[in-house]
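These notes concern the structure reproduced below.
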Amino acid sequence: MVKGQMMTLEGIMGAILLFLVTYTLFQSSLVISPLWSEFSDAQMKQLAYDALRVMDGNSSLNDSLKGMLIGLNSSFKPNEEFISSLEKLIRPANYRLEIYWVNGSKIESAVLVNNQPTPEAVAASRVVVLDNGDLSPDSPFYRPDGRSYTPIVVEVRLIVWRA
């Protein structure tokens with residue numbers, strides 16, 4: 001009879017131990033698994049970073065970030081070749097394109113492509129340095145200060161979301 005009670009006690013303890021191990025594994029897998037919305041946001045953010053990196057490294061001046069900024073005038077409308085290249089890179093996402101720069105003691109900004117983002121939109125930015133010698137007098141970044149080399153730093157911000 002003592003032997004039977006001992007086997008019953010071992011069986012109950014074994015069942016409790018297996019239950020605790022199973023419960024712990026189940027709970028820990030729920031805690032560390034990523035949410036699907038975070039995963040898609042990471043993909044969109046990487047898409048935006050990659051698009052800006054490619055556009056910054058283009059050898060063709062017309063569809064590079066620097067070439068687009070040099071070609072801007074007071075209307076802040078980017079050239080069609082740049083827009084076409086950008087849309088090919090981020091397809092099927094929708095986007096908004098903004099720029100920021102320092103003018104004297106204040107920060108200026110302009111919206112180049114004015115699409116309205118959704119709440120799930122993510123942003124990526126890239127900094128481009130322009131030389132005053134490369135700019136025309138009708139450029140919004142031009143500084144007629146008489147010096148031949150005045151660097152102008154422009155942040156290009158790309159905001160993307162699923163269409």
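The values are calculated or read from the model by the stated rules, or taken from the named source; none is laboratory data. Model, not experiment: these values are computed from the prediction. No Cβ is skipped: glycine too gets one built from the backbone with ideal geometry, and neighbour counts run over all protein chains shown.
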> under 17 Å from Ala48 (Cβ atoms) and of a type in the set (S, T, N, Q): does that describe Asn115?
Replying inline: yes
> Taking the range 1-42 as the search range and keeping residues that are under 30 Å from Val122 (Cα atoms) and at pLDDT 65 or above, which one is surrounded by the fewest Cβ atoms within 10 Å (Cβ to Cβ)?
Replying inline: Ala42
>> Against the definition (over 16 Å from the mean Cα position of the chain (by Cα), under 18 Å from Ile159 (Cα atoms) and of a type outside the set (Gly, Ala, Ser)), how does Leu89 come out, yes or no?
In response: no
